[in-house]
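Take a look at the structure set out below.
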């Protein structure tokens, strides 16, 4: 399904489910004008804001409500999004290098192909579960809502300490050198991901799919690998959960 269409269906489903935040409402016109005029709008109401390829380097959007915003290919390097609310926002292809996303609420965000090298996402909530009140059995749409899209995202050297990434699709994500200390990635898909030198100390990796993922020189000390099969992963110099370095390189 085309991602914008999927996003629209997701919005409809959430509205029917009784979620308090609606992504169908328009952003506050005054707040939009302020953002475009000054490049800053902390705490603003920018829900459902639509702006492709907007150029806002270093923008201050701390605490802003960007629920359902469409910022495809947006340039937001060095932007402050501390505590921002971004559920179901579309930031595919966005440049978020060195952005500050600490404690941001990013449930259901589309970051496919986004660049977040050096970004700080410590304490951010990227949970895929959505706390949905759906009953079993789930429909295909409801099931789709349990995973959010971060495939091919660039998260190299990003600060993801304590981040919640349960069930996220991180296929082919570039995460070399990322700090995921204490992060929750349970059930995540990390097929073909590059985690060279990544720090995964005390991370929850239960049920993660590491097929063809590169874990060269990664540190998994204290990590929970319940239900994980590393047989198809690329290991070399990887530090195992018990702190032992694995020098049995496999390619």
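A few remarks follow.
- The one condition in (1) crowded, with 18+ Cβ neighbours inside 10 Å; (2) farther than 26 Å from residue 184 by Cβ; (3) out of contact with any strand residue (DSSP E or B) (no Cβ under 7 Å at 6 or more places or on another chain) that residue 59 fails to fulfil: (3)
- Note on segment 222-239: residues that are touching a strand residue (DSSP E or B) at 6+ places or on another chain (Cβ under 9 Å), surrounded by 18 or more Cβ atoms within 10 Å (Cβ to Cβ) and farther than 18 Å from residue 171 by Cβ amount to 5.
- Any hit, segment 122-131, residues being at pLDDT 95 or above, part of a loop (DSSP other than H, G, I, E, B) and buried (at least 20 other Cβ atoms within 10 Å of the Cβ): no
- Test: residue in segment 225-240 that is within 20 Å of residue 114 (Cβ to Cβ), over 13 Å from the mean Cα position of the chain (by Cα) and at pLDDT 90 or above: no
- Unique match (being at pLDDT 95 or above and on the phi > 0 side of the Ramachandran plot) among 68, 58, 113: 58
The values are calculated or read from the model by the stated rules, or taken from the named source; none is laboratory data. Every value quoted in this text rests on a predicted model; they were computed, and no experiment measured them. Reconstructed Cβ throughout: ideal geometry from the backbone, glycine too, with neighbour counts over all protein chains shown.
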